[in-house]
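The values are calculated or read from the model by the stated rules, or taken from the named source; none is laboratory data. Please read all numbers here as calculations on a predicted model, not as lab measurements. No Cβ is skipped: glycine too gets one built from the backbone with ideal geometry, and neighbour counts run over all protein chains shown.
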Amino acid sequence: MRFLGQRKVTNCSLCGREVKHKYKPSRNWNIEGILCGDCHIEKTKEFILKEQEPAVETCALCKAAIEEGGSKKAKWQWNLEAGAVVCASCFDKKDMEFEKRVNYCAACGVKMGIIRYNPKPTWNVDGQLCRNCWDLKNRKEVAQ
């Protein structure tokens, strides 16, 4: 039973000392509980130094190490992991592939206009089709 003026005694999660002023650790520190002032300062220093270290990034596509300043963020349409980083050469290749898949017919390679046709799942075609190719595939399917 606590009386008026008495407070619950809290101990530091790291050193176990009684805490007068409570400090909540950051989420990315992976520490449960409350910290004392000294432990909070030490952990803050540790994580600031870790963030300042140059991290070696690797390309999400070719897995090669990327030089500092040579990385580009992948576009969300490419269906890669969130926040994926790719090297400049892979970025250019993937961007050209994506533009080709979106703007050109998957069967004949003609540049498509506004109207595009999605292939039926049974056709196993990756991309979209122009009207002529879609009609041709559909006639073949109906004839069988």
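Structure above, values below:
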quantity	calculated
Whichever residue in segment 111-136 is farther than 22 Å from Q77 by Cα and loosely packed, with under 13 Cβ neighbours inside 10 Å and, among such residues, is farthest from the chain's Cα centre (by Cα)	D135
Selection from segment 34-84 of residues that are in a loop (DSSP other than H, G, I, E, B), within 30 Å of K24 (Cα to Cα) and over 19 Å from the mean Cα position of the chain (by Cα)	I34, C36, E53, P54
Residue match in segment 84-99 (condition: modelled with pLDDT under 85, among the acidic types (D, E) and at negative phi)	no
Qualifying residue in segment 10-33 (condition: more than 30 Å from V102 (Cα to Cα), of a type outside the set (V, I, T) and assigned by TED's automatic domain parsing to the domain that holds D92)	no
Residue in segment 70-83 that is touching a residue at least 12 places away in the same chain (Cβ under 8 Å), exposed (fewer than 14 other Cβ atoms within 10 Å of the Cβ) and charged (D, E, K, R) present	yes
